[in-house]
Amino acid sequence: MAEMSHAGSEASSPETAPRTDADIPNRWLDGIAVPDVVRGLACGRPVEPVWRNEIGGVTFSIDDGAEYVKYGSPHAEFDPDAEFERLRWVSAFVEAPRPIDHGADGAGNRWLRTAGIAATSAVLGGWREQPALVVPELGRGLRLFHDRVPVRGCPWTWSVSSRLRERGLPEQALGPWPEFDPVVCHGDACNPNFLLNRDGLCVAYVDLGRLGVGDRWADLAPALLSLGWNFGSGWEEAFLAGYGIARDPAKQDFYTRLWNAE
Ligand SMILES: Nc1ncnc2c1ncn2[C@@H]1O[C@H](COP(=O)(O)OP(=O)(O)OP(=O)(O)O)[C@@H](O)[C@H]1O
Ligand SMILES: [Mg+2]
């Protein structure tokens, strides 16, 4: 999910500075209490917070990554029902967490439990210090997603009109729409949502609550935007080369503005 998540505060740090997990605001996890419902789902297994999103939700790892529970208050950006259904559907085509169950607790907060995938977010585990390896792979990973997940039969849309409508914006709020090149979009193609194996290959995708048919640049724009937050400036060409597409400034601009309007 959007804008300044995923290491937003370090956009101005020099490219050469070491980038460690601890620099990422999403990893500032001190003082996070484990909610009772998460404790209950763990049934005595160890629980650790591993990620805090920009709307205050937290993902917990159970039993050292055997399972993950995403927990937070109801929000347009966090809909466990939507994510559960999408995870169930998309796993026929690409590797994504197997959804186990979801629900709400007495405090009105919601949770989603998934089976753990033995791979690491592209911004954790030291990967941010290897952009020359990781960035083209992120491009390849996104291309693989778009190539493998079929538009035909996808039950959801992530169209310009639906996104503008959700924000209460008129259809022409961002000016004329670019020509439509449909794919099934990931829906939050920011770098942390791509999981890498030990060799640095993109092997899985997480955070699929907004998956739906949209333009490929609807994913490319936030993916490129988040490179700056996570890897510093100057990596866009490497990403686009990995994806295998030429730069399209008009589409990138349109879909970046749409992303930033959310
Ligand atoms: N099933 C899983 N297997 C492996 N890692 C997972 C799994 N689920 C979540 N993670 C890890 O937890 C992190 C947070 O999960 P996720 O992206 O779903 O949460 P989020 O709060 O929606 O994130 P964002 O900040 O992008 O909005 C992921 O980047 C990944 O590192
Ligand atoms: Mg995420």
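What to note about this one:
- Set ARG27, ARG52, ARG45, ARG39: member being basic (Lys, Arg) and within 15 Å of ALA107 (Cβ to Cβ): ARG39
- Members of the stretch 184-195 found to be among the aliphatic types (A, V, I, L, M) and crowded, with 24+ Cβ neighbours inside 10 Å, listed by number: VAL184, ALA189
- Flag if ARG198 is within 16 Å of ligand 1 (Cβ to nearest atom) and out of contact with any Phe, Trp or Tyr (no Cβ under 7 Å at 6 or more places or on another chain): yes
One line per residue, one yes/no per condition, for (1) outside the structural domain of SER226 (by TED's automatic domain parsing); (2) more than 12 Å from ligand 1 (Cβ to nearest atom); (3) acidic (Asp, Glu); (4) under 24 Å from TRP127 (Cβ atoms):
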residue: ARG19; (1), (2), (3), (4): yes, yes, no, yes
residue: ARG27; (1), (2), (3), (4): yes, no, no, yes
residue: ILE55; (1), (2), (3), (4): yes, no, no, no
residue: VAL58; (1), (2), (3), (4): yes, no, no, yes
residue: GLU67; (1), (2), (3), (4): yes, no, yes, yes
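- Residue count for the stretch 197-211, restricted to those that are away from ligand 2 (no atom under 14 Å from the Cβ) and either touching a Lys or Arg at 6+ places or on another chain (Cβ under 8 Å) or closer than 16 Å to LEU138 by Cβ (or both): 6.
- In the stretch 172-209, residue nearest to the chain's Cα centre (by Cα) [restricted to those that are among the β-branched types (Val, Ile, Thr) and farther than 27 Å from ALA250 by Cα]: VAL206
- Residue satisfying all of: in the stretch 102-132; part of a loop (DSSP other than H, G, I, E, B) and among the hydrophobic types (A, V, I, L, M, F, W, C); farthest from ligand 1 (Cβ to nearest atom) among these: ALA107
- Within the stretch 121-135, if we keep just the residues that are β-branched (Val, Ile, Thr) and in contact with a Phe, Trp or Tyr (Cβ under 7 Å, 6 or more places away or on another chain), the residue that is surrounded by the most Cβ atoms within 10 Å (Cβ to Cβ) turns out to be VAL134.
- Of residues in the stretch 10-51 being modelled with pLDDT under 95 and not in a loop (DSSP other than H, G, I, E, B), the one nearest to LEU227 (Cα to Cα): GLU10
- The conditions of being modelled with pLDDT under 95, within 13 Å of ligand 1 (Cβ to nearest atom) and among the aromatic types (Phe, Trp, Tyr) are not met by PHE84.
The values are calculated or read from the model by the stated rules, or taken from the named source; none is laboratory data. All of these numbers come straight from a predicted model, not from anything done at the bench. Heads up, the Cβs are rebuilt from the backbone with ideal geometry, glycines too, and the neighbour counts pull from every protein chain shown.
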